[in-house]
Amino acid sequence: MGALKLVPIWAWVLLALATATGYLYLRLDHTKTDLAAVTGERDVANARAASIGKTLSLQRQLTEDSNKATDHATEQAEHVTAAVVVADDRARSLQQQVTDLLANRKRCSTDHASTGKTRDDLAAVLADLRRSADEEAGSLAAALDRSRIAGQLCESMYSAAMKAR
């Protein structure tokens, strides 16, 4: 202990200052490391936020384009439905005319009846055949129109998705 008293005060102050400086230097180094880590995390978070913002923007655009395409397809389907109703009414009118004509036709003479089917039976068969063909054609046309509209909807949604890429 006596040897420690021989060391001058200024050396003790210098040693204390050197120790404090070393301690503060280590603290500063750890603080710089922590700052770099937090800055990196902040940059990653900002990049994620920007990416999410772009994704949401693209999603909104796709949704808008999809809604427009769906609205257009719905509008076309309504037009087709209206056209089918008009066509069905016209077909019913034609069928009624055929029925009226069949009811008002003159009967076939008995000599023609000996050949098998009479003209009356043949006219009725042809009228029924025409009626069923008209009904089938109408349903096929309606199915074709619905299929065409669905295909156009799919095509427009695909185009919107590719445009958004």
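When the test is whether a residue is at pLDDT below 90, out of contact with any Ser or Thr (no Cβ under 8 Å at 6 or more places or on another chain) and closer than 21 Å to residue 160 by Cβ, residue 57 does not pass it. Annotation note: Cβ proximity below 7 Å between a residue of the stretch 140-165 that is more than 20 Å from residue 77 (Cα to Cα) and a residue that is charged (D, E, K, R) and assigned to a helix (DSSP H, G or I) (sequence gap 6+ or interchain) occurs for 160/65. When the residues of the stretch 121-149 are filtered to those that are among the hydrophobic types (A, V, I, L, M, F, W, C) and touching a helix residue (DSSP H, G or I) at 6+ places or on another chain (Cβ under 7 Å), the one that is modelled with the highest pLDDT is 149. Within the stretch 120-165, track down each residue that is more than 30 Å from residue 98 (Cβ to Cβ), surrounded by 15 or more Cβ atoms within 10 Å (Cβ to Cβ) and out of contact with any Ser or Thr (no Cβ under 6 Å at 6 or more places or on another chain). 149, 153, 156, 160, listed by residue number.
Conditions (1) of a type in the set (Gly, Ala, Ser); (2) within 48 Å of the chain's Cα centre (by Cα); (3) farther than 30 Å from residue 134 by Cβ, marked per residue:
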{"residue": "57", "(1), (2), (3)": "yes, yes, yes"}
{"residue": "63", "(1), (2), (3)": "no, yes, yes"}
{"residue": "95", "(1), (2), (3)": "no, yes, no"}
{"residue": "101", "(1), (2), (3)": "no, no, no"}
{"residue": "104", "(1), (2), (3)": "no, no, no"}
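Report yes if residue 85 is closer than 30 Å to residue 147 by Cβ and either without any contact (Cβ under 8 Å) to a residue 60 or more places away in the chain or surrounded by 10 or more Cβ atoms within 10 Å (Cβ to Cβ) (or both), otherwise no. Criteria met by residue 85.
The values are calculated or read from the model by the stated rules, or taken from the named source; none is laboratory data. These numbers come from a predicted model, not from an experiment. Cβ sites come from the backbone with ideal geometry, for glycine too, and all protein chains shown count toward neighbours.
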